[in-house]
Amino acid sequence: MNSANKGRRSFWAAAQFFFNKSFRKTLIAAATKKVRKTLTAAATKKVRKTLIGATACAIFLASCKRPLPPQTQYTFGTVCSINLYEAGSADLYAKLFSRLRELNDIFNNYSDASEISRVNQDAADMPVAVSQDFFVVLKTALDFAQLTDGAFDPTVGPLVKLWGFGKEPRVPSQEEIDAAKKLVGWQNVLIDQNASGEPKSFTDQEGAASIDNGSQDQNPAAAPSVRFAKSGIRLDLGAIAKGYAADCLVAILKENDVKRAAISLGGNVYVYGKKPGGSLWSVAIRDPNKPGQNSFMLKTQDATVVTSGAYERFFEQDGKIYGHIFDPATGFPADSGLASVTIVSKTSMIADALSTSLFVLGMEKIPEIKKSALAGDFDCVLVDASGKAYASKNLKGRLSALDGQAIDFSIAD
């Protein structure tokens, strides 16, 4: 092979080698870039899909979160139930029952640590600063004592204690009853709304107290106070405190924009807002002469239904039944001829006080009570000792008897 041919071969070999290496580099670079782009696009797409999927899943789970069922706890000496329907969260149920327990700790006569026990112990010796909750309930109770000429009396405590309700009930002697009656008298309760000086007689006080939802901080320096005019006075606010508690729960419902709820605190029921579907709520009313049975069904909305009767708490001695609602004038359990009184109203505290007042006074006092601005607008259902039922005209068409008995809708609106 001559040198020229050798040179040409070497040149083409070198060129081929150079071209192939460069080509390979370019090819590899291009392939790498394309793969990188493909992988990046695929990864981005996958991440985007994952994020969209996770977000959709979170939204779906949030929308599918089921409200808690109705909750029940024992407080105020009875079974208390609350149904928040679609607003039934653990936090809101906890807040409502916490408020109930807080109020029970204030008005519990059977606890030495309660606020009312502290007032009963010390108020004869000095003015006792009280919470706004206590003041609101006491002032309203004194309002009703004045309205009913003492038929509703928050100082009935000595009689309740004497008869042993809550512990060992018994029929005391007439001498014991007469002695206890001397300690009953709402005029002996002196209150000062702003703790600005010496407590005044209730009749000197002006202005209405308002319901507290439990969220307001109280200034101790401006706390209202209570004092008794003589020793031996004992407050018992059991005939009105549960009604106030129901109103406080409703205040919390409004604060949290709850659409509907049903509250049952023993004999105090509050149906708040519109029932699911828009129909009226159905509230059963107990038969006072048939323990454990309901005798009436009431259709209503955004209202409280409160019933008082001797069937709630009583004892029997020598064949006679003695109920827990007292007539301060006689010192004995009330005997007005009524077995139960149910009040339908917008305010549970007012309905609570009204049901007890009318149970003591009797149905003939209804027209007089209805004239009072304190009582406001209310309807009622009364059952007498013989089982005959009377109701407000306004309830006709919404109140029915479950056993088919006749209802006399003759009570004027």
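The values are calculated or read from the model by the stated rules, or taken from the named source; none is laboratory data. Since this is a predicted model, take the numbers as computed values, not measurements. Glycine also receives a Cβ, built like all others from the backbone with ideal geometry; neighbour counts cover every protein chain displayed. We work out accessible area using only protein heavy atoms, side chains counted, and drop any ligands, DNA or RNA first. Shrake-Rupley method; radii C 1.70, N 1.55, O 1.52, S 1.80 Å.
At a glance:
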quantity: Single unsatisfied condition, Asp217 versus (1) outside any helix (DSSP H, G or I); (2) open to solvent by 40 Å² or more (accessible area, probe 1.4 Å); (3) at pLDDT 90 or above; calculated: (3)
quantity: Residue within the stretch 372-393 that is out of contact with any helix residue (DSSP H, G or I) (no Cβ under 7 Å at 6 or more places or on another chain), assigned to a helix (DSSP H, G or I), touching a residue at least 12 places away in the same chain (Cβ under 8 Å) and small (Gly, Ala, Ser) present; calculated: no
quantity: Elements of type helices (runs of 4 or more DSSP H) in the stretch 95-174, at least 1 residues being under 16 Å from Asp192 (Cα atoms) and in contact with a strand residue (DSSP E or B) (Cβ under 8 Å, 6 or more places away or on another chain); calculated: 115-122, 132-147
quantity: Enumerated strands (runs of 3 or more DSSP E) restricted to the stretch 266-365, each holding at least 1 residues that are touching an Asp or Glu at 6+ places or on another chain (Cβ under 8 Å) and open to solvent by 60 Å² or more (accessible area, probe 1.4 Å); calculated: 294-300
quantity: Some residue of the stretch 101-115 being open to solvent by less than 20 Å² (accessible area, probe 1.4 Å) and free of Cβ contacts under 8 Å to residues at least 12 places away in the same chain; calculated: yes
quantity: Qualifying residue in the stretch 327-336 (condition: within 26 Å of the chain's Cα centre (by Cα) and hydrophobic (A, V, I, L, M, F, W, C)); calculated: no
quantity: Enumeration of residues in the stretch 366-384 that are open to solvent by 10 Å² or more (accessible area, probe 1.4 Å) and more than 26 Å from Pro158 (Cβ to Cβ); calculated: Pro367, Glu368, Lys370, Lys371, Ser372, Ala373, Gly376, Asp377, Asp379, Asp384
quantity: Failed item, numbered, when Asp287 is tested on (1) within 28 Å of Leu92 (Cα to Cα); (2) in contact (Cβ under 8 Å) with a residue 60 or more places away in the chain; (3) acidic (Asp, Glu); calculated: (1)
quantity: Condition met for Ala129 (free of Cβ contacts under 8 Å to residues at least 12 places away in the same chain and either surrounded by fewer than 22 Cβ atoms within 10 Å (Cβ to Cβ) or within 22 Å of Phe315 (Cα to Cα) (or both)); calculated: no
quantity: Enumeration of residues in the stretch 81-97 that are open to solvent by less than 60 Å² (accessible area, probe 1.4 Å) and either under 13 Å from Val258 (Cα atoms) or not aromatic (Phe, Trp, Tyr) (or both); calculated: Ser81, Ile82, Asn83, Leu84, Ala87, Gly88, Ser89, Leu92, Tyr93, Ala94, Leu96
quantity: Any hit, the stretch 281-290, residues being of a type in the set (Val, Ile, Thr) and farther than 23 Å from Ala87 by Cβ; calculated: yes
quantity: Scope the stretch 393-410; condition more than 26 Å from the chain's Cα centre (by Cα) and under 17 Å from Ala303 (Cβ atoms); matching residues; calculated: Lys393, Asn394, Lys396, Gly397, Ser400
quantity: Cβ pairs under 6 Å, 6+ apart, first in the stretch 298-327 and under 14 Å from Phe359 (Cα atoms), second part of a loop (DSSP other than H, G, I, E, B) and among the β-branched types (Val, Ile, Thr); calculated: Phe326/Val156
